[in-house]
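Below is one structure, written out as structure tokens, with a few remarks after it.
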Amino acid sequence: MTGPRYAAAGVDLAGAEAAKARIGALVEGTRTPLSVGMVGAFGGMVRVPAGMRRPILVMSTDGVGTKVMVAREAGRWDTVGEDLVNHSVNDILVHAARPLAFLDYLAGAGLSIDVTAAIVEGVARGCRAHGMALAGGETAQMPGLYRDGDFDLAGTIVGVVEEDEALHGDRVLVGDVLLAYASNGLHTNGYTLARRVLFEELRRGLTDLMPETGTTAADALLEVHRSYYGAITPVVARIHALAHITGGGIPGNLSRVMPAACTAVVERASWELPPLFALLQEGGKISETEMLDVFNCGVGMIAALPAREVDAVRASAAAAGVATWVIGEVRAGSGDVQLA
């Protein structure tokens with residue numbers, strides 16, 4: 001039972017224990033044959049898959065930024081957890097890694113047991129979709145640092161890949177084709193600017209139907225970050241490099257996998273801005289340069305691959321329900337990205 005002084009300070013230990021019990025059941029539902037140890041232990045454990053020759057662990061930590069503010073204002077709690085997992089899966093997918101385990105960190109103040117459990121349910125759902133264990137995490141009550149109802153969400157993913165199969169960008173060659181994978185919204189980047197444009201400058205409300213998208217503002221902004229795992233994994237051996245288009249946009253992320261002697265030339269005319277992005281650009285009077293630096297602009301992932309592999313890679317994406325198109329090519333250059 002929570003002592004009176006601690007409870008008065010804003011920390012409900014009894015509620016935290018009840019939330020842990022709910023979370024424990026969610027964690028149990030994500031366990032895989034690679035899981036080791038007990039649910040609720042101090043550390044989460046998973047085995048490296050048997051039969052690997054030279055396994056390399058691939059790790060990444062990220063959050064979902066101010067998208068959590070939209071979730072809070074809309075009262076929708078179970079989508080940002082799935083966002084977090086899918087974003088993280090994509091981050092290690094660019095190295096051809098298979099996800100093994102996930103750890104989440106939820107910090108806030110004044111969150112009810114139901115809200116806490118709903119947030120973690122989104123994480124668990126994302127883990128189950130990728131055959132990955134939610135190996136553990138932390139839920140912290142921090143009144144004073146957060147206002148009642150505020151929270152932040154972050155996670156760490158662990159994956160594995162054979163050392164000689166890992167993608168780093170060093171396989172990219174002059175003449176490679178650049179293939180774009182469609183995003184299904186803002187994913188998890190650019191929400192600070194998007195919220196300002198939609199809510200402050202255009203005076204849109206979360207429940208307002210937006211004719212530009214055919215959805216409410218809440219539906220458009222809370223669309224779950226697309227995972228490209230199913231679209232890419234079956235054909236990843238045909239690909240020379242992958243870039244997850246997150247913060248920094250196409251220029252900032254595609255350049256991370258370009259060798260020093262190559263330039264990625266992106267044909268801006270190869271696609272139109274989806275309606276939500278066009279609305280943000282027009283309503284916020286945002287230049288195209290800034291749009292491409294802040295938002296994914298409809299492109300969630302870019303692959304560099306030989307021309308002979310394009311048909312097979314596109315077919316894999318189509319089978320997973322992801323649209324693709326040729327967005328440019330790799331030319332001789334200096335490791336940069338050029339928009340043509």
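For the ranges 78-87, 45-54, 170-179, 132-141, what's the packing order if you count other beta-carbon atoms within 10 Å of each residue, average per peptide, and put the highest first?
Going from most to least packed, we get 78-87, 132-141, 170-179, 45-54.
Can you give the FRET efficiency for R331 and L202, using 1/(1 + (r/R0)^6), R0 = 35 Å, r = Cβ-Cβ distance, to the nearest 0.05?
After rounding, the FRET efficiency stands at 0.35.
Measure nothing but the geometry: give the 0 to 90° angle between the long axis through the Cα atoms of 275-284 and the longest principal axis through the Cα atoms of the chain, rounded to 10°.
In the chain, helix 275-284 runs at an angle near 80 degrees to the longest axis.
Ordered by packing density, taken as the mean number of other Cβ atoms within 10 Å over each peptide's residues, highest first, how do 58-67, 203-212 rank?
58-67, 203-212
With each label point set 7 Å from Cα along the Cα-Cβ vector, what nm distance links A315 and D148?
6.0 nm
Explain nothing, just the number: relative contact order of the stretch 177-339, from Cα pairs under 8 Å at least 6 residues apart, as a whole percent.
43 percent
Counting only other residues whose beta carbon sits under 15 Å from that of A217, what net charge do I get with K and R as +1, D and E as -1?
Around A217, the surrounding residues sum to 0.
Would you mind checking the tilt of helix 13-28 against the longest principal axis of the Cα atoms of the chain, expressed as 0 to 90 degrees and rounded to 10?
The angle comes out near 40 degrees.
Within a Cβ distance under 10 Å of R53, other residues only, what is the Lys/Arg minus Asp/Glu net charge?
-3
Taking amide H positions as placed 1.01 Å from N in the peptide plane, with prolines and chain starts having none, which residues 5 or more places from V58, or on another chain, fall under 5 Å of its amide H?
Sorted by chain and number, the residues that satisfy this are G159, V160, V161.
Sorted by packing (mean other beta-carbon atoms within 10 Å per residue), highest first, where do 328-334, 267-273 land?
Highest mean packing first, the order is 328-334, 267-273.
If you take the C-alpha gyration tensor of the stretch 4-163, multiply each eigenvalue by 5 and take the square root, what semi-axes do you get, largest first, in whole Å?
30, 17, 12
Between W271 and M59, what length comes free when the chain is fully extended (0.36 nm per residue of separation minus the Cα-Cα distance, one decimal in nm)?
73.1 nm
May I ask you to derive the relative contact order of the chain, considering only C-alpha pairs under 8 Å and at least 6 residues apart, and to give it as an integer percent?
Across the chain, relative contact order equals 21 percent.
Taking Cα centroids, how far is the stretch 55-76 from the stretch 205-280 in Å?
What the calculation gives is 16 Å, centre to centre.
Pairs of alpha-carbon atoms within less than 8 angstrom and 6+ residues apart define the contacts here; what relative contact order does the stretch 4-163 have, in percent?
Result for the stretch 4-163 is 37 percent.
Relative to the first principal axis of the alpha-carbon coordinates of the chain, what is the inclination of helix 80-93, with its axis defined by its Cα atoms, in degrees from 0 to 90 and to the nearest 10?
40 degrees
Tell me the net charge near M38. Cut-off is 11 Å between Cβ atoms, M38 excluded, with +1 for each Lys or Arg and -1 for each Asp or Glu.
0
Throughout, read-outs are computed from the coordinates displayed, never taken from laboratory work. Keep in mind that this is a model prediction, so the values were computed, not measured. Because the Cβ atoms are built from the backbone with ideal geometry, glycine has one as well, and the counts that use them run over all protein chains shown.
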